[in-house]
Amino acid sequence: MKTTQAPKMKAASSADANPSASQLIDARIKELNDWRGETLARVRKLIKQADPEAVEERKWRGVPVWSHGGILCTGETYKSVVKLTFAKGAALDDPSRLFNSSLEGSTRRAIDIHEGEPIDGEALKRLIRAAMALNISKPAAARSARSKK
């Protein structure tokens, strides 16, 4: 006589077990629960408005990263500043002079936002669009060759 086993419980989906980068960024904003979380949420919204196709990631011990054809910028939070670092910022025009940090480097540029400082949303969106345009202007073969290194 053949015995039947009780049906197995369905395992939690991988999405439940492994939250998305967007969910982790949501959690980080909530965890900060201060001006830094509000600022990070605001710049995140501006980034998504500027480039709806930007991909959210978390790298380097949880740093929010926005990418489109390569890294656009990162959103680090420190005690006294929210820092947006543009991977190829030195190659971007910044007529509004948003970049105020990492100015001596040959590749990156950053925007340090302190508590209470206003954010020029339109200028930030222009920088995001310029970073995206720079990333996607590189031939696909060059991008894939770099990623294999």
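The values are calculated or read from the model by the stated rules, or taken from the named source; none is laboratory data. Note that the structure is a prediction, hence the values are computed from the model and not measured. Because the Cβ atoms are built from the backbone with ideal geometry, glycine has one as well, and the counts that use them run over all protein chains shown. Ligands, DNA and RNA are stripped out before the accessible areas are found, and what is left, the full protein with its side chains, is counted by its heavy atoms. Shrake-Rupley method; radii C 1.70, N 1.55, O 1.52, S 1.80 Å.
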### Message
If residue 66 meets every condition in (1) among the aromatic types (Phe, Trp, Tyr); (2) open to solvent by less than 70 Å² (accessible area, probe 1.4 Å); (3) modelled with pLDDT under 80 apart from one, which number is that one?
### Response
(3)
### Message
On the basis of being surrounded by fewer than 14 Cβ atoms within 10 Å (Cβ to Cβ) and under 17 Å from residue 46 (Cα atoms), does residue 96 make the cut?
### Response
yes
### Message
Can you confirm whether residue 137 is among the polar types (S, T, N, Q), over 14 Å from the mean Cα position of the chain (by Cα) and either modelled with pLDDT of 90 or more or open to solvent by 30 Å² or more (accessible area, probe 1.4 Å) (or both)?
### Response
yes
### Query
So which residues in segment 33-70 are among the acidic types (Asp, Glu) and touching a Lys or Arg at 6+ places or on another chain (Cβ under 9 Å)?
51, 56
### Task
Sort through 122, 104 and tell me the only one that's over 24 Å from residue 25 (Cα atoms) and free of Cβ contacts under 8 Å to residues at least 60 places away in the same chain.
104
